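Student: First, the structure itself, so that you have it in front of you.
The values are calculated or read from the model by the stated rules, or taken from the named source; none is laboratory data. Nothing here was measured: the structure is a model prediction, and the numbers come from that model. Glycine gets a Cβ as well: all are built from the backbone with ideal geometry, and neighbour counts include every protein chain shown. SASA here: full protein model, heavy atoms, side chains in, ligands and nucleic acids out. Shrake-Rupley method; radii C 1.70, N 1.55, O 1.52, S 1.80 Å.
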Amino acid sequence: MNAPTGWNKAEQAQVVASRLAPGSVINLGVGMPVSVAAAITAEQQIVFHCENGLIGYRALEENEPVDPDIIDAAILPIQVIEGAAVVDLMTSFMVARGGRLDATILGAFQVAANGDIANWSGAVGRVAGVGGAMDLAVGAKTVIAMLKHTDREGNPKIVERCTLPLTAVGCVNLIVTDLAVIRVTDAGLVVEEMAPGLTREALIAATGATLDFA
């Protein structure tokens, strides 16, 4: 089926950024989540963490020179903020596993109604390994899944049960797609916000799990 039009990537990143508490320490996963670094405001005072050993970075400003030695987990150029720390990999993962991250934002191939997340696959041409995502998913206080609502064929990525290998079980608290913001609750999936112009009927048709509306 043809997926309805929703937020573009930059708008979706702004929706995610608006949900981050000021002063939070946030990990951005590889893929779509890296766009959130450019969407926050200085007033939010967000501290970004990446598992390759950098705590305190920001997105590059327009036409800002690139330092090839300063990169995020997606190997994209970034810049450090005042007070940033460069640490070894063990220390970085102690932060991730030790409950010191206020939130992690992870991309996903599928998210289940109970909060299970699948964000890796052994299929050729896709993410070949789980990497640090499983540590982030179980170590962060809040897990936000940021993804397209449907795949390229129009199949739902929000499903009753994941069919791809799981990254972590029951860990996702909030789902932000290009169509909606959906809270994962004990009672099921609750839609908190929809992209402008989107109807409930269109969102339900694009979703492979039962939705309630706030």
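Student: Is it the case that region 106-113 has a residue that's more than 19 Å from Gly53 (Cα to Cα) and in contact with a helix residue (DSSP H, G or I) (Cβ under 6 Å, 6 or more places away or on another chain)?
Tutor: Scanning region 106-113, I find at least one residue that is more than 19 Å from Gly53 (Cα to Cα) and in contact with a helix residue (DSSP H, G or I) (Cβ under 6 Å, 6 or more places away or on another chain), so the answer is yes.
Student: Going by what's in this entry, would Glu82 be described as part of a loop (DSSP other than H, G, I, E, B) and out of contact with any Leu (no Cβ under 9 Å at 6 or more places or on another chain)?
Tutor: Judged against the criteria, Glu82 is not a match.
Student: Ok, one more. Report whether or not Asp116 is charged (D, E, K, R) and either open to solvent by less than 20 Å² (accessible area, probe 1.4 Å) or under 17 Å from the mean Cα position of the chain (by Cα) (or both).
Tutor: Yes, satisfied.
Student: Could you tell me how many of the residues in region 31-60 are surrounded by 17 or more Cβ atoms within 10 Å (Cβ to Cβ), β-branched (Val, Ile, Thr) and closer than 16 Å to Ala10 by Cα?
Tutor: Going through region 31-60 one residue at a time, the tally reaches 3.
Student: Against the definition (closer than 30 Å to Ala205 by Cβ and modelled with pLDDT of 95 or more), how does Ala59 come out, yes or no?
Tutor: So Ala59 does not fit the description; no.
Student: Sort out which residues of region 142-184 are of a type in the set (A, V, I, L, M), open to solvent by 10 Å² or more (accessible area, probe 1.4 Å) and part of a loop (DSSP other than H, G, I, E, B), and write them in order of number.
Tutor: Leu164, Leu166, Val169
Student: Wholly within region 1-70, which strands (runs of 3 or more DSSP E) include no fewer than the required count, namely at least 3 residues that are touching a residue at least 40 places away in the same chain (Cβ under 8 Å)?
Tutor: Result: 25-28.
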